[in-house]
Amino acid sequence: MNAPLSGAAPVPIPSRTQFVLEHLTHAILTGGLAPGTALVETELAAQFGVSKTPVREALKTLAGRGLVVMSEYKGAAVRTVDADMARAIYDVRLLLEPEAMRRAVNRSAALAAAHAALTRADSAVDSAERSLANRDFHRALYLPCGNPLLVRMLDDLRDQAALVSSFVWQTVPTWEREAEEHRAILAAAEAGDADRAGELLSEHIRGFVNRAFPGQADTEAADTETTRTEAPARGPAAAGTTDGARGGRTAERARTARAVEREGRS
């Protein structure tokens, strides 16, 4: 990762942790720091021009957000994306997000922010920017639900969801389909049809993770994803395998190692 502070003015001491946090978050969510990349405190401190303390605090925060894993012996690393991780995140989203959006629609919430996010996604130049716009689109739908606790629970997942989608779109570029689904969801929401919007959102969330990580038994997915004859050859967790999460994870780790980007974005 390039030193993000090259040529920049010194960062005020109180904001150093936040500064490091923002840059690392951006680098992770845009692929500058690929899944599995080691995050060495001394190296990051030198690159950011700070002591190890703000780096350590930033890494702890990122671990709390689910973007970094920390080990007493191995240190910190960007969280690896695999089928189990993705399904766990999207399962919780499936339980919470459609209901939050239904409530927002029933409150006649303004959805201008969702339109703006769709526009950004359409004009995105890479999967990373598109993933961040996708994250903002979904938040614009559930933010006005009227329940701060529900919003906070979904906010805790959105960085992890963005990590998954950015990773997936680099190998399985299905964003055009997702964009179409987004437009249909937004149209139903603006028409005031909360149930239809919620149904479309559920299908969207479930469909994405099953297209990206096929080959695992999922009772809910079977309700809407009944014909997947071509899917095992397309999903990043199934490349090089016929079925099964264990083989998928092995292939995925190999692909991640080949695709690691060592140049960060600041």
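Quick notes on this structure:
- For the set Trp175, Trp169, solvent exposure ranked by accessible area (probe 1.4 Å, protein chains only) runs largest to smallest as Trp175, Trp169.
- In sequence order, calculated HN-Hα J values of region 21-33 (Karplus, 6.51, -1.76, 1.60; Hz; x Gly/Pro): 4, 5, 5, 5, 4, 4, 5, 5, 6, 9, x, x, 10
- Length available on full extension from Arg183 to Thr119: 0.36 nm per residue minus the Cα-Cα distance, which gives 22.0 nm.
- Counted charge near Ala187, where neighbours are those whose Cβ lies closer than 12 Å (Asp, Glu -1; Lys, Arg +1): -2
- Average projected area [Cα convex hull, region 19-101], square nanometres: 6.4
- Other-chain or far-sequence residues with amide H under 5 Å of Thr37's (modelled H): Val78
- Radius 10 Å from Cβ of Arg120, net charge of other residues (Lys, Arg +1; Asp, Glu -1): -2
- Gyration tensor verdict on region 87-148 (Cα atoms; rounded if a/c is under 1.5, prolate if a/b is larger than b/c, oblate otherwise): oblate
- In this structure, the amide hydrogen of Val68, modeled 1.01 Å from its nitrogen in the peptide plane, lies closer than 5 angstrom to those of Ala63, Arg79, counting only residues at least 5 positions away or on a different chain.
The values are calculated or read from the model by the stated rules, or taken from the named source; none is laboratory data. Everything numeric in this text was worked out from a predicted model, so none of it was measured. Using ideal geometry, Cβ is built from the backbone for each residue, glycine included, and neighbour counts are taken over all protein chains shown. SASA here: full protein model, heavy atoms, side chains in, ligands and nucleic acids out. Shrake-Rupley method; radii C 1.70, N 1.55, O 1.52, S 1.80 Å.
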